[in-house]
Amino acid sequence: MEKSSTGMTWLKYGCGGCLGLIVLCGLAVAVLVGVASIGVRSAKISETTREPTLPRDIPPPPDGAALAVGAEGRIVLDLRHTGFKIGVGSAGSSPRVEASYDTNAFELVESMDPAVPGANDQRWVYRVSFHRTRNWVFSTLQQLMGAKAPSVRVFLPPDRPIALELRVDSGAAEVDLGGSWITEALVEFERGGFQLDFGEPLRHPMERLTVRGSMGGFDARHVGNASPREAEFDFSMGGLQLDLTGPWERDASIVLRIRRGGAEVRLPKDLRIEGVPGRPIALSSPEEIARPTLRFTVEKEGAGVEFN
């Protein structure tokens, strides 16, 4: 009888405790939904355009000459928690940011650092950051309840020499730099998807392209239109689609570092390729030998790299 009484006591209070826990969880969800609903109704949508004034125009260097130190500017974009589109604006324009977002849930910050005469790095720097200010749980609930998703578009000037730094975290980006004057680019992304296209040749070939990513997918297209002298693609726990077609104007050193993921690389058909297994180095005529050479260094760890 004592064991039976103990069992009945556990059944009585144990089940009561479970039921109480379920009720508390239900109340917590109801509170979250209520707060999210209030957030949707009290949203303050900002439609804003930012377009800073840049220093005087920089004349292009003679063919084959390098830019003078400090001649280029730097644009730093730190974009998080939504989708972004980045493209090229009209001739003579400054960088432009067009954004639509709830100021209660997101924040857009920009700043312009002017060039510093006499400094080692004299370049002007334009910075833009966009990120969520509310807890991701509330943001997700608000999206499910019909809150307007933020929209951010960035346009780069096509006729200014620019060093670009672009960081995307927990979001997606569609970027087309075709026709721009990007001297070098550093692209970093995490937990998202990224599409980078060079839809047409750049104004001048790029010196360096560096891409670092993890836990996401990256699709790079028509990299030959940028014709970087050096290119590095460093990926972990993600996938890389790399299209190297386009009119390469010079030799290039390309480094692939792939860890716990995979990469598929599309090679140009009319260039000299070195460092790729199965691709012969020797070409059949002096005309072909004079064409640009792509020299690969491939490092992989628990990953597959396919060339085609």
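Of note:
- A single entry from Val128, Val76, Val152 fulfils the requirement of being touching a Pro at 6+ places or on another chain (Cβ under 9 Å), at pLDDT 95 or above and either surrounded by 16 or more Cβ atoms within 10 Å (Cβ to Cβ) or of a type in the set (Gly, Ala, Ser) (or both): Val128.
- Among all residues of the stretch 190-197, there is none that is among the small types (Gly, Ala, Ser), surrounded by fewer than 21 Cβ atoms within 10 Å (Cβ to Cβ) and not in a strand (DSSP E or B).
- Applying the criterion of being at pLDDT below 95 and open to solvent by 50 Å² or more (accessible area, probe 1.4 Å) to the residues of the stretch 91-103, the residue that is nearest to Glu200 (Cα to Cα) is Ala91.
- Being in contact with a helix residue (DSSP H, G or I) (Cβ under 8 Å, 6 or more places away or on another chain), within 30 Å of Ile162 (Cβ to Cβ) and modelled with pLDDT of 90 or more is a property that does not hold for Leu294.
- Subset tally (residues that are more than 13 Å from Ala303 (Cβ to Cβ) and of a type outside the set (Gly, Ala, Ser)) for the stretch 232-273: 21
- Within the stretch 240-259, one or more residues are under 14 Å from the mean Cα position of the chain (by Cα) and part of a strand (DSSP E or B).
Every residue, every condition in (1) at pLDDT 90 or above; (2) open to solvent by 30 Å² or more (accessible area, probe 1.4 Å), yes or no:
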| position | (1), (2) |
| --- | --- |
| Leu256 | yes, no |
| Gly262 | yes, no |
| Val265 | yes, no |
| Asp270 | no, yes |
| Ala282 | no, yes |
| Glu299 | yes, yes |
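Matching residues to (1) surrounded by fewer than 22 Cβ atoms within 10 Å (Cβ to Cβ); (2) aliphatic (A, V, I, L, M); (3) under 15 Å from Leu177 (Cβ atoms):
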{"position": "Gly199", "(1), (2), (3)": "yes, no, yes"}
{"position": "His204", "(1), (2), (3)": "yes, no, yes"}
{"position": "Gly213", "(1), (2), (3)": "no, no, no"}
{"position": "Ser227", "(1), (2), (3)": "no, no, yes"}
{"position": "Glu230", "(1), (2), (3)": "yes, no, no"}
{"position": "Asp234", "(1), (2), (3)": "yes, no, no"}
{"position": "Leu240", "(1), (2), (3)": "no, yes, no"}
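The values are calculated or read from the model by the stated rules, or taken from the named source; none is laboratory data. Just so you know, these numbers come straight off a predicted model, no measurement behind them. When we count neighbours, we look across all protein chains shown, and the Cβ atoms used for this are built from the backbone with ideal geometry, even at glycine. Areas reflect the complete protein model, heavy atoms only, side chains present, ligands, DNA and RNA absent. Shrake-Rupley method; radii C 1.70, N 1.55, O 1.52, S 1.80 Å.
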